[in-house]
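The values are calculated or read from the model by the stated rules, or taken from the named source; none is laboratory data. Everything numeric in this text was worked out from a predicted model, so none of it was measured. Because the Cβ atoms are built from the backbone with ideal geometry, glycine has one as well, and the counts that use them run over all protein chains shown. Calculation scope for accessible area: heavy atoms of the full protein, side chains included, ligands and nucleic acids excluded. Shrake-Rupley method; radii C 1.70, N 1.55, O 1.52, S 1.80 Å.
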Amino acid sequence: MFGTLSVSAGSSLSTVRLSKSRCPKISSAGRRRAAVTSAVAGTIGAPTTAANLYEILQVKETASPVEIKTAYRSLAKRFHPDATSQVSDGRDFIQIHDAYATLSDPMARAQYDRSIGQSSFPMDSRRRYASASAWNDMTFRTRRWETDQCW
Amino acid sequence: MAEPVYTVASDSETSQEDKRMPNFSEPALGIDLGTSQCSIAIWNGSCVELLKNTRNQKMMRSYIMFDNEIPSGGVSQESVHDEFEIFSGRAIFNMKRLVGRMDTDPVVHSSKMLPFLVQTLGIGVRPFIAALVNNAWRSTTPEEVLAIFLVELRAMAEVRLRRAIRNVVLTIPVSFSRFQQTRIERACAMAGLNVLRLMPEPTAVALLYAQQQQQIIQDNLGSGYEKLALMFNMGGGFTDVAITATAGGVSQIKALSGAGVGGEDMLQNVMRHILPNFDSFSAVHGVDEIKSMGMLRVTTQDAIHKLSLQNSVSLNVDLANGSKIRSTMTREDFEAINNSVFEVCKDLIVRCLNDAKVDAEDIADVILVGGCSSIPKLRNLVLGLCKKGKAYDGMNHLEAAVCGAALEGAVASGVSDPSGCLDLLTIQATPMSLGIRADGETFVPIVLRNTTVPARKDLLFTTSQENQTEVLIEVYEGEGNQVKENHLLGFFKISGIPPGPKGVPEINVCMDIDASNVLRVLAGVVLPGSAAPVAPFIEVRMPTVDDGHGWSMEALHKMYGSTLDLATLKKTPH
């Protein structure tokens, strides 16, 4: 199923947000590590502050590709470290780009839409327990791991 | 918190401090430090202005003349030195091609035919470079030559702007390794300059393009309408290609490719063609040979320039030993001689299009910049591959990169413009993959090339031996499948792994690139099923190696063999 991708791209939790500081401190590494283990164990869902990708880009789920691009660019202008001198509200640019990478690719977007779908998709019940489990990111990583962020 | 009473200045940390707190009141100076020419520009409050030297020149030749105790460069002395003096052995030039390269590098070897001394021992250390002063070879380094030149540029800008210059944005070739970038930063530090950004040349051009597009379509269309453009930049020493998606002043770099091939290679090919024993001739480095090489170089340069405008040119050179060269060269001859160079350019464009996942038909504008972009064969090649009839004509091909650097200098310094001219952003991408050594000699990429920065990615690895308690993280940059094909950036050891069967401990290696392109590698041990940290993670800013990369690898291998090796972790999906 995972093709030639023999390397597992581990700790993929969208819950861990990068702080605005340019220099990742050990404290963030600590948070990361906790996240890694829970993803590996795969038993409990991490505290779900994980926003829906559409919410991150501030668009509707029915947004057109052009609307998604427009939203990404206007958010980039506000949250890219080069564009802003003020501290953002925690919505880091990496997260914005991550959301854009998925939603701008029709295949990845369709897959994502299925994973957050209200019904009909059989895997849905699993997701409720582990919103950011290894299963979930594997689904995306099979196709999108180049542009996907591993956290 | 109390302020520290004193600070300890170290190479990396002081510049880091400055990066975080740039002087926001003034825009940073944009510098295009080319292999053969250079220029500086600044945002003057309403537009980008190229600064001129005392001789009213915007383009200054990149060389340093070692005449007396105080070397002087092309910024202040341009009209004083004629071509033959520059090629007399006293002047050092083309240092952008040599900076940060080892004496095993083919580019260093091809530089041996320059009319000054480049000595190599072929053991992976920096080459010995010297200028002929009073009939003795006086040593220097590429960093020193660049620093002297930067001091002149700085002095010129300070005179023109009547203020002190500290922050700069420099353009660099796409193919510059991170180690070469540190050498450029070193040269700037020697010249008292703080590097705010090192910008790949075509991305600077892309920023200028984004500004021009924003002014054109500001009212017509929303910012969701994006235009794809391909930038092709070929100068004296390097060729770069970039594809950017531009809309609403935001330039998103989709792909970058580059190689250390440029006008200098074409020049050498032509010189070799008209003087078949050129290589043995240039290896001698006697005073007569240097003089002859200088004359040959002047004539050949002139001929190549003429061939862009006319179909044939005659070459007449009187060498110092009395022999004469009388020959004619047609444009077809020139193109045949340099076929290998054009093939490299073609490959770079094809790779860039593939990496950006765009079809040539979708490219709206093709922008040709750099000194070599007027060569007809090159123009046809690039336009043909992009299926375009004509190139974008909205910018000066020699000034585009420095103008882009000046725009970035204003944007990165936090200068704002009421009319919205500086409402710009470049979203950069990594030109080369970054990864570590694992599974023997395999290079395992963690950040793939053309990943949007800032970026943060990680991968899990494991031990390769039973009861292994330490692993060595060797960080490389490049595209080769084997580590030896790539550049070593640095290495560090992770200790305190609890003894156990191989393949069980999980070692997390994370790479973080921030907006100013600083790379940090974080690594540590994770135990499956445990949330408690085994030991503090180690965070290392790369690159850490100085020169002699090959030596470090050999020494490590000799000392440790495979005892500290990593393996990729093959995980079963849940």
Quick one: would you say B:Ser374 is within 25 Å of B:Asp302 (Cα to Cα), open to solvent by 20 Å² or more (accessible area, probe 1.4 Å) and either out of contact with any Leu (no Cβ under 8 Å at 6 or more places or on another chain) or of a type in the set (S, T, N, Q) (or both)?
yes
Note on the range A:53-66: residues open to solvent by 100 Å² or more (accessible area, probe 1.4 Å) and either within 11 Å of chain B (Cβ to nearest Cβ) or polar (S, T, N, Q) (or both) are A:Gln58, A:Thr62
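Give me a count of the residues in the range B:380-415 that are part of a loop (DSSP other than H, G, I, E, B) and either crowded, with 24+ Cβ neighbours inside 10 Å or touching a residue at least 60 places away in the same chain (Cβ under 8 Å) (or both).
In the first step, residues of the range B:380-415 are kept if they are part of a loop (DSSP other than H, G, I, E, B); the result is B:386-399, B:413-415.
Now drop any that are not either crowded, with 24+ Cβ neighbours inside 10 Å or touching a residue at least 60 places away in the same chain (Cβ under 8 Å) (or both), which leaves B:386, B:392, B:394-395, B:398-399, B:413-415.
Qualifying residue count, the range B:380-415: 9.
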Here are some residues: B:Gly286, B:Gly248, B:Gly260. Which one is under 24 Å from B:Cys386 (Cβ atoms), away from chain A (no Cβ under 14 Å) and open to solvent by 10 Å² or more (accessible area, probe 1.4 Å)?
B:Gly260
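Going residue by residue through the range B:232-242, is there one that turns out to be under 18 Å from B:Gly30 (Cα atoms), open to solvent by less than 10 Å² (accessible area, probe 1.4 Å) and assigned to a loop (DSSP other than H, G, I, E, B)? Before you say what the answer is, go through the steps one by one.
First, pick out the residues of the range B:232-242 that are under 18 Å from B:Gly30 (Cα atoms): B:233, B:235.
Checking the rest, the ones that are also open to solvent by less than 10 Å² (accessible area, probe 1.4 Å) come to none.
Scanning the range B:232-242 turns up no residue that is under 18 Å from B:Gly30 (Cα atoms), open to solvent by less than 10 Å² (accessible area, probe 1.4 Å) and assigned to a loop (DSSP other than H, G, I, E, B).
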As an exercise: evaluate B:Gly524 against (1) away from chain A (no Cβ under 12 Å); (2) buried (at least 22 other Cβ atoms within 10 Å of the Cβ) and give the number of the one condition it does not meet.
(1)
Residue count, the range B:91-106 (criterion: out of contact with any Lys or Arg (no Cβ under 9 Å at 6 or more places or on another chain) and open to solvent by 20 Å² or more (accessible area, probe 1.4 Å))
3
In the range B:305-360, which residues are over 19 Å from B:Gly294 (Cβ atoms) and in a loop (DSSP other than H, G, I, E, B)?
B:Ser308, B:Leu309, B:Gln310, B:Asn311, B:Asn338, B:Lys357, B:Val358, B:Asp359
For the range B:532-574, give me each residue that is among the aliphatic types (A, V, I, L, M), modelled with pLDDT under 85 and farther than 30 Å from B:Asp105 by Cα.
B:Ala532, B:Val534, B:Ala535
Inside the range B:404-442, the number of residues satisfying the requirement of being out of contact with any Pro (no Cβ under 7 Å at 6 or more places or on another chain), farther than 30 Å from B:Leu460 by Cα and of a type in the set (Val, Ile, Thr) is 2
Yes or no: the range B:534-543 includes at least one residue that is more than 14 Å from chain A (Cβ to nearest Cβ) and either touching a Gly at 6+ places or on another chain (Cβ under 6 Å) or farther than 21 Å from B:Phe443 by Cβ (or both).
yes
Matching entry among B:Glu470, B:Glu506 (being within 13 Å of chain A (Cβ to nearest Cβ), closer than 18 Å to B:Leu527 by Cβ and touching a residue at least 40 places away in the same chain (Cβ under 8 Å)):
B:Glu506
Matching residues in the range B:77-90 - criterion: being open to solvent by less than 10 Å² (accessible area, probe 1.4 Å) and β-branched (Val, Ile, Thr)
B:Ile86
Looking at the range B:467-487, which of the residues that are open to solvent by 60 Å² or more (accessible area, probe 1.4 Å) and part of a strand (DSSP E or B) is nearest to B:Val125 (Cα to Cα)?
B:His487
Here are some conditions: (1) more than 20 Å from B:Leu383 (Cα to Cα); (2) in a loop (DSSP other than H, G, I, E, B). B:Gln180 meets all but one. Which one does it not meet?
(2)
Any residue in the range B:301-314 that's under 16 Å from B:Gly262 (Cα atoms): show its pairings with residues that are assigned to a helix (DSSP H, G or I) at Cβ separation under 8 Å, as long as the two are six or more apart or on different chains.
B:Gln301/B:Leu267; B:Ile304/B:Gly263; B:Ile304/B:Met266; B:Ile304/B:Leu267; B:Ile304/B:Val270; B:Ile304/B:Phe334; B:Ser308/B:Ser374; B:Ser308/B:Pro376
Of the residues B:Pro445, B:Pro418, which is at the interface with another protein chain (Cβ under 10 Å from one of its Cβ atoms) and either open to solvent by 10 Å² or more (accessible area, probe 1.4 Å) or within 21 Å of B:Lys570 (Cβ to Cβ) (or both)?
B:Pro445
Just to be sure, is B:Ser327 open to solvent by 30 Å² or more (accessible area, probe 1.4 Å), more than 19 Å from B:Lys112 (Cβ to Cβ) and of a type in the set (S, T, N, Q)?
yes
Determine which single condition B:Asp279 fails, assuming it passes every other condition in (1) over 22 Å from B:Leu132 (Cβ atoms); (2) at pLDDT below 90; (3) of a type outside the set (Lys, Arg).
(1)
Answer yes or no: is there a residue in the range B:456-466 that is more than 16 Å from B:Leu489 (Cβ to Cβ), facing chain A (nearest Cβ under 10 Å) and in a loop (DSSP other than H, G, I, E, B).
no
Restrict the check to the range B:187-205 and report whether at least one residue is in a helix (DSSP H, G or I) and of a type in the set (S, T, N, Q).
yes
Looking at this structure, is B:Ala429 at pLDDT 90 or above, buried (at least 19 other Cβ atoms within 10 Å of the Cβ), within 21 Å of B:Lys254 (Cα to Cα) and within 22 Å of the chain's Cα centre (by Cα)?
yes
